[in-house]
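Following: one structure in structure tokens, then a few remarks.
The values are calculated or read from the model by the stated rules, or taken from the named source; none is laboratory data. Being a predicted model, the structure only gives us computed values, none of them experimental. Note that each Cβ is placed from the backbone with ideal geometry, even for glycine, and that neighbours are counted across all protein chains shown. Heavy atoms of the whole protein, side chains included, go into the accessibility calculation; ligands, DNA and RNA do not. Shrake-Rupley method; radii C 1.70, N 1.55, O 1.52, S 1.80 Å.
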Amino acid sequence: MSGDAPPADLKARIKTSYDAIADVYNEWTKKHSDLRSRYLAQFIEHLPAAAAAATAETGTPAPTRILELGCGAGEPSTRTLAARPNTHVIGNDLSSAQIALARAHAATEWTLGAGSSVEFAEGDMADAAVLDFAPGSLDGVVALYSLFHLPREEQTAMMARTVEWLRPGGLLLATFSGAAAEAVVMEKWLREEDWMFWSGWGREGTLERLGAAGFEVVVEALEEENVDVDFCG
Ligand SMILES: C[S@@+](CC[C@H](N)C(=O)[O-])C[C@H]1O[C@@H](n2cnc3c(N)ncnc32)[C@H](O)[C@@H]1O
């Protein structure tokens, strides 16, 4: 259902829902991670160039620093990124349940690359008290299926913050909504009790705003996923 402005308690409602559905969502994601893996592979392919630039600037092989916005339980992206050598990944998520799962998976199941590390930051990605980085201090930012849970004005603000955090030549891999809508609300998303919200500028509006923020778009595609959302059964 498309609606008007986002509710005042938007973030709390999204957090409550993801806390409740974390297990169900993550079980489903395992079966639908092909698209994530395909774009992550492209992102990783382009990263060495960004990291090499960092090395040339400082003269020392600094770890590649990647921020993941809305990392969920870390599958497959945080795990894949942290498996690279000499990489530091910062996984952020609003949901305590998702972050707890990501931490547990990282501690018990993931194999980190040589010299690599991972840390987690819980909270709203749009809150400067949760995420704040020095200008040019990140090599990459990944945001898969997470930015569209922000009101679209906040998505624009995140583009500006992200471009500032990235070093020149740094990379952003992000999913946005292909449809333009200020608020799409489902009262019962994956299960009877799970409220959910999405927002977006649409394909053209998103590309315009990415350009205005200072991004050069190198790969762009409108992907239609065939998602058999039958979480209740
Ligand atoms: C659809 S899931 C995607 C999870 C993972 N990136 C993936 O590819 O499966 C969206 C995630 O974004 C998180 N999220 C939603 N709003 C957020 C916000 N304002 N700040 C940080 N994380 C947020 C949710 O808690 C959830 O884990």
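For the stretch 117-148, a tally of residues being closer than 18 Å to residue 40 by Cα, among the hydrophobic types (A, V, I, L, M, F, W, C) and in a strand (DSSP E or B) returns 5. Go through (1) within 29 Å of residue 10 (Cα to Cα); (2) in a helix (DSSP H, G or I); (3) of a type outside the set (Phe, Trp, Tyr) and name the single condition residue 73 misses. Here residue 73 clears every test but (2). Considering only residues in the stretch 120-143 that are more than 9 Å from the ligand (Cβ to nearest atom) and of a type in the set (Asp, Glu), the one that is surrounded by the most Cβ atoms within 10 Å (Cβ to Cβ) turns out to be 139. With respect to residue 68, is the statement that it is charged (D, E, K, R) and either without any contact (Cβ under 8 Å) to a residue 60 or more places away in the chain or open to solvent by 20 Å² or more (accessible area, probe 1.4 Å) (or both) true? Considered against the rule, which asks whether it is charged (D, E, K, R) and either without any contact (Cβ under 8 Å) to a residue 60 or more places away in the chain or open to solvent by 20 Å² or more (accessible area, probe 1.4 Å) (or both), residue 68 comes out as no. The requirement of being buried (at least 21 other Cβ atoms within 10 Å of the Cβ) and either closer than 25 Å to residue 24 by Cβ or without any contact (Cβ under 8 Å) to a residue 24 or more places away in the chain (or both) is not satisfied by residue 183. Of the residues 117, 96, 146, the single one that is modelled with pLDDT of 95 or more and either buried (at least 18 other Cβ atoms within 10 Å of the Cβ) or of a type in the set (Val, Ile, Thr) (or both) is 146. Checking each residue in the stretch 149-177 for being without any contact (Cβ under 8 Å) to a residue 40 or more places away in the chain, open to solvent by 50 Å² or more (accessible area, probe 1.4 Å) and more than 16 Å from the ligand (Cβ to nearest atom) picks out only 164.
Taking the stretch 77-104 as the range and being near the ligand (Cβ under 8 Å from one of its atoms) and of a type outside the set (S, T, N, Q) as the test, the residues that pass are 93, 94.
Please determine whether any residue of the stretch 187-210 is part of a strand (DSSP E or B), open to solvent by 20 Å² or more (accessible area, probe 1.4 Å), over 24 Å from residue 43 (Cβ atoms) and at pLDDT below 95. No, because not a single residue in the stretch 187-210 is part of a strand (DSSP E or B), open to solvent by 20 Å² or more (accessible area, probe 1.4 Å), over 24 Å from residue 43 (Cβ atoms) and at pLDDT below 95. Of all the residues in the stretch 60-76, those that are near the ligand (Cβ under 8 Å from one of its atoms) and more than 13 Å from the chain's Cα centre (by Cα) number 0.
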